[in-house]
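No value in this document is a laboratory result; all are computed from the given coordinates. From a predicted model like this one, the values you see are computed outputs, not experimental measurements. Counting neighbours? That spans all protein chains shown, and the Cβs are built from the backbone with ideal geometry, glycine included.
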Amino acid sequence: MLKNRNKIFIFIILVFISSCQKVEILDPIVFDYNQFTKVSINAEKKNTIILYEPKFVEPFIDHSLENSPILYFNNWTKNNIQTFGTKNYFEINVIDASVKKTEIPNIDSKKYEEKTIFLYEVNYLVEFVIYDDSNFKLASAIVEANRTTTSGKYISLIEVERIIDDMIYKCLKDFSNKSKDLIKDHMNQYIL
């Protein structure tokens, strides 16, 4: 009887030890704005106007994020859009900076995989406008960038936040490159 108890006790300890797994610690996504392209505009002042208002209905989730896409965008404009000169006025109108989360069927699922997954989508839509001192529009460019990614339905909140931050980072990098190209095309005489 005592021998059986010891065997059961050893079995329980072995099961407990084998069930312990190393916890994976995910590093947060670091937004290094030096990795993005820089734009120098011949203007005395720069102003960012946020026309986008977060929507508090599904599928929009940007209002519930710890760091919203608009926060990253504002940091990007502070670090990567420089103004120089003594005349003109550069305006940045943020029309959209949303993140959506939609539940979709997992068409590639295997037998024991989840049948539904989440689709995340981030979208940036911004208008760049340069005015002269008389408030006459000299040039403008509209830039849009979006990215999507998917994740499993049952993942940790930390992993969800990391997936969204990574998607925002990549979208902002795409947006930065498109902005430089379109500003170069439409405002060539006002850039350095």
| query | For the Cα atoms of the chain, what angle does the longest principal axis make with the long axis of helix 69-80, in degrees from 0 to 90, nearest 10? | reply | 50 degrees
| When a footprinting reagent is the concern and you count Cβ atoms within 10 Å, what order do Leu182, Leu51 take, fewest first? | Leu51, Leu182
| note | Relative contact order of segment 35-190 (C-alpha contacts under 8 Å, at least 6 apart) in percent is 24 percent
| If you build a Gaussian network model of the chain, linking Cα atoms that sit under 10 Å apart, which residue out of Ile130, Ile12, Ile81 swings the most? | Ile12
| Protection proxy ranking, peptides 164-177, 62-75, average beta carbon neighbours within 10 Å, highest first | 164-177, 62-75
| By how many degrees, between 0 and 90 and to the nearest 10, does the Cα long axis of helix 157-186 differ from the longest principal axis of the chain? | 20 degrees
| Separation of alpha-carbon centers, segment 120-192 and segment 31-62, rounded to whole Å | 7 Å
| Those lysines that a straight Cα-Cα span of less than 23 Å connects to Lys45, excepting residues fewer than 8 apart in one chain | Lys78, Lys87, Lys137, Lys178, Lys180, Lys184
| What's the angle, to the nearest 10 degrees (0 to 90), between helix 2-19's Cα axis and the longest principal axis of the chain? | 10 degrees
| task | Show that you can apply the helix-only estimate: for the chain, add -39,500 (n - 2.57) for every DSSP H stretch of four or more residues, divide by all residues, and state [θ] at 222 nm to the nearest 500. | result | -11000 deg cm²/dmol
| remark: Per the chain, sqrt(5λ) over the Cα gyration tensor eigenvalues, sorted largest first, in Å, gives 50, 18, 13
| field | DSSP beta bridges in the chain [antiparallel fraction, %, rounded to 5] | value | 75 percent
| said: Less than 17 Å apart at the alpha-carbon level, and either on another chain or at least 8 residues along: which aspartates and glutamates does that give for Lys115? | reply: Glu103
| query | What ranking of Ser179, Ser134 emerges when the number of other C-beta atoms within 10 Å of each C-beta is taken as an exposure proxy, fewest first? | reply | Ser134, Ser179
| Each residue of segment 37-42 in order: what ³J(HN,Hα) in whole Hz does its phi give by Karplus 6.51 cos²θ - 1.76 cosθ + 1.60, θ = phi - 60°, with x for Gly and Pro? | 5, 10, 10, 10, 10, 7
